[in-house]
Amino acid sequence: MKLYTLTASFCLFLLSAKLITAQDKRSLLPPALDAYVAKALQTFEVPGMSVAIVKDGKVLLAKGYGVKKLGGADPVDANTLFAIASNSKAFTATALAILVEEGKLKWDDPVVNYLPWFKTADTYITANLTVRDLLVHHSGIPAYAGDLMLFPPSGYSRQEIIRRIRYIPFVKGFRSAYAYDNIFYLVAGEVIHAASGMEWEDFVRTKIFNKVGMTGSISKFSAFKNQPNISAAHFRLDGKLKEIPAAYDQAMGDAGNPAGGVVSNATDMAKWLITHLDSGRTMDKQVLFKPATTNELWNIVRPMPVYKVDKSIKPAQADFYGYALGFRALNYGKYKLVFHGGKLDGFVSQVVMIPKLKLGICVLTNQEATGAYWSVIYHVLDYYMNNPSFDWIAGYRQSLDSSLARLATAQKKEIIKKDPAAGTSLPMEKYTGTFRDQLCGDFTITKNRDKMVLQFDFNPQLIADVEHFHRDVFIARFRNRDFKADAYLSYALNPDLSIDQVKLRMIDPGSDLDFSALRLIPVKQKQ
């Protein structure tokens, strides 16, 4: 009897110890996390990073690593501001959700109920495109359509850009396929304005930032450069890491804020994660939105193809993938991840939430190396999921090397051999004039001695010196080399040798800009 009692007591002791260990783990950080982050920074050549980890409604970590600027000594801290880019989309979706709860709009109302002037290239889609459709990238327009009016910032206002949507062709069936866009998030921003009477920037600041306690965050991208504690932006150019000094001016303008204009830090993003993971309740238990809205925002609306990951990061292979409202969702093992990434010139970021674990992670970086943030995120996930150890840093480094090798091969394939004997078909001045793309607007090509100058009239940042290549093909070399935007300028001639149209084709397949949809038609001048 005594032996039975002792055995039972010992078993109870072991069970209690196990429960205590599990309980403690929920409030602890992965061991040697600082060293792990430092290794990731070094491996991926990232000058600085800021990390937030929240668990069970508590902030476990809000901390900066590395430096704000390459070659500098000023350290990143928990309040250093980074561009979070497309992670701004979740703020737009949440703003709409708040208005739905207030009874000022409905998810499945047509957009034209709020913006009667809104038009697309298809009258049926114009009449039936809903508020929900604006957020899930399945309208049928080409991926990234209209981005040339947003990145770098054009002279067009938000409304002017939206009015030009009617010139974007539909290439897929309505609600039939996923193709990422930014432009419909601008429409969502205008719906917020129409339904609330407040500009998107003011609504997000007063109705979300102020309530959540995000005191350091900015909803207007143009204000980024004027803040006292900001990170510089960096990327690789010609194989070398460099700062992008003009990033705050060239990345985007305020017209695109609903798609990517939020600037934030680890301290504030931790509060944002806790609010979403606690079904809309802020850290001080204010209600930002109701629990039912959490499901609305997180549930997949548009299923997406499940991409096959590199063998080097095989454990990250998902079984499902889809787009919700301002968030994506996929699985990591048995757990659903609600997440989104963001990229602007010199910045990449990632937000990940695991609802079942009440776990949230945000990583903000000042270099365009996604492997750095994923290495940290999966390392943290493995700790709280009790997964076997995996070398994510080595895996993502191998994946990056493979990607760079593929890009180098693609760049070699894009090299066209010049025919030095092939002169122009026309005198140089005949290639000049004003040309118009239906969606983007006017382009001017002028003669400058033995060369020409190409100006995107709607975007003063896009200006290139044009030199002859061969026959009716020229090379446009953009003055801002950070754009990596050099392009072949190809003229198509009519039988009478008048210009039919001009097309641009990027020379560097690694460029973020894409001119392939442009069709420049000569503008006939009045006599």
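Condition test on LEU504, is it assigned to a loop (DSSP other than H, G, I, E, B) and not assigned by TED's automatic domain parsing to the domain that holds TYR156? Spelling it out, it is not the case that LEU504 is assigned to a loop (DSSP other than H, G, I, E, B) and not assigned by TED's automatic domain parsing to the domain that holds TYR156. Within region 247-302, can you find the residues that are among the β-branched types (Val, Ile, Thr), farther than 17 Å from LEU359 by Cα and out of contact with any Ser or Thr (no Cβ under 7 Å at 6 or more places or on another chain)? Result: VAL287, THR293, ILE300, VAL301.
Would it be correct to say that THR120 is crowded, with 21+ Cβ neighbours inside 10 Å and either within 26 Å of the chain's Cα centre (by Cα) or part of a helix (DSSP H, G or I) (or both)?
On the way: crowded, with 21+ Cβ neighbours inside 10 Å: yes; either within 26 Å of the chain's Cα centre (by Cα) or part of a helix (DSSP H, G or I) (or both): yes.
Against the criterion (crowded, with 21+ Cβ neighbours inside 10 Å and either within 26 Å of the chain's Cα centre (by Cα) or part of a helix (DSSP H, G or I) (or both)), THR120 qualifies.
Of GLU201, GLU160, all but one fail to be surrounded by 15 or more Cβ atoms within 10 Å (Cβ to Cβ), acidic (Asp, Glu) and assigned to a helix (DSSP H, G or I); the exception is GLU201. One residue stands out among those in region 134-156 that are touching a strand residue (DSSP E or B) at 6+ places or on another chain (Cβ under 9 Å) and not in a loop (DSSP other than H, G, I, E, B): the one that is surrounded by the fewest Cβ atoms within 10 Å (Cβ to Cβ), which is LEU148. Counting only residues that are under 24 Å from GLU243 (Cβ atoms) and in a loop (DSSP other than H, G, I, E, B), region 465-491 holds 5 of them. So for region 443-460 (the condition being over 29 Å from ALA421 (Cα atoms) and surrounded by fewer than 16 Cβ atoms within 10 Å (Cβ to Cβ)), does at least one residue qualify? Checking region 443-460: at least one residue is over 29 Å from ALA421 (Cα atoms) and surrounded by fewer than 16 Cβ atoms within 10 Å (Cβ to Cβ).
Among the candidates LYS89, LYS58, LYS104, which residue alone is within 26 Å of the chain's Cα centre (by Cα) and not assigned by TED's automatic domain parsing to the domain that holds LEU439? Explain how you work it out, then say what you get.
Numbers: LYS58 fails: within 26 Å of the chain's Cα centre (by Cα); LYS104 fails: within 26 Å of the chain's Cα centre (by Cα).
That would be LYS89, the only listed residue that is within 26 Å of the chain's Cα centre (by Cα) and not assigned by TED's automatic domain parsing to the domain that holds LEU439.
Counting only strands (runs of 3 or more DSSP E) that sit completely within region 343-455, those holding 1 or more residues that are within 30 Å of PHE170 (Cα to Cα) correspond to 347-354, 433-437, 441-448.
Which residue out of ALA476, ALA421 is out of contact with any Ser or Thr (no Cβ under 7 Å at 6 or more places or on another chain) and under 30 Å from GLY346 (Cα atoms)? Steps first, answer last, please.
On the way: ALA421 fails: under 30 Å from GLY346 (Cα atoms).
Testing whether each residue is out of contact with any Ser or Thr (no Cβ under 7 Å at 6 or more places or on another chain) and under 30 Å from GLY346 (Cα atoms) leaves just ALA476.
Scanning region 80-111 for residues that are more than 14 Å from LEU325 (Cβ to Cβ), surrounded by fewer than 21 Cβ atoms within 10 Å (Cβ to Cβ) and touching a residue at least 24 places away in the same chain (Cβ under 8 Å) yields one hit, LYS104. For PHE390, the requirement of being out of contact with any Ser or Thr (no Cβ under 6 Å at 6 or more places or on another chain), surrounded by 13 or more Cβ atoms within 10 Å (Cβ to Cβ) and over 30 Å from ARG166 (Cα atoms) is met. Confirm whether GLY333 is surrounded by fewer than 18 Cβ atoms within 10 Å (Cβ to Cβ) and in the same structural domain as SER88 (by TED's automatic domain parsing). Yes: the conditions hold for GLY333. Of all residue pairs spaced 6 or more apart or on separate chains, those with beta-carbon atoms under 9 Å, a first member in region 307-329 that is under 24 Å from PHE184 (Cβ atoms) and a second member that is hydroxyl-bearing (Ser, Thr, Tyr) and part of a strand (DSSP E or B) are TYR307/TYR321; ARG328/TYR321; ALA329/TYR321; ALA329/TYR323.
Results for (1) over 30 Å from MET149 (Cβ atoms); (2) surrounded by 19 or more Cβ atoms within 10 Å (Cβ to Cβ); (3) not assigned by TED's automatic domain parsing to the domain that holds PHE390, shown as yes or no for each residue.
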{"site": "ALA259", "(1), (2), (3)": "no, yes, no"}
{"site": "ALA270", "(1), (2), (3)": "yes, yes, no"}
{"site": "LEU273", "(1), (2), (3)": "yes, yes, no"}
{"site": "GLN317", "(1), (2), (3)": "yes, no, no"}
{"site": "PHE327", "(1), (2), (3)": "no, yes, no"}
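Taking the conditions (1) without any contact (Cβ under 8 Å) to a residue 40 or more places away in the chain; (2) touching a strand residue (DSSP E or B) at 6+ places or on another chain (Cβ under 7 Å); (3) acidic (Asp, Glu) in turn, ASP450 satisfies each one other than (2).
Of all positions in region 409-417, at least one carries a residue that is loosely packed, with under 15 Cβ neighbours inside 10 Å, in contact with a Gly (Cβ under 9 Å, 6 or more places away or on another chain) and not β-branched (Val, Ile, Thr). Within region 380-438, being acidic (Asp, Glu), at pLDDT 95 or above and either within 18 Å of LEU504 (Cβ to Cβ) or touching a Leu at 6+ places or on another chain (Cβ under 8 Å) (or both) holds for one residue alone: ASP437.
The values are calculated or read from the model by the stated rules, or taken from the named source; none is laboratory data. Just so we're clear, the structure is a prediction, and the values are computed from it rather than from any experiment. Positions of Cβ are generated from backbone atoms using ideal geometry, with glycine treated the same way; all protein chains shown enter the neighbour counts.
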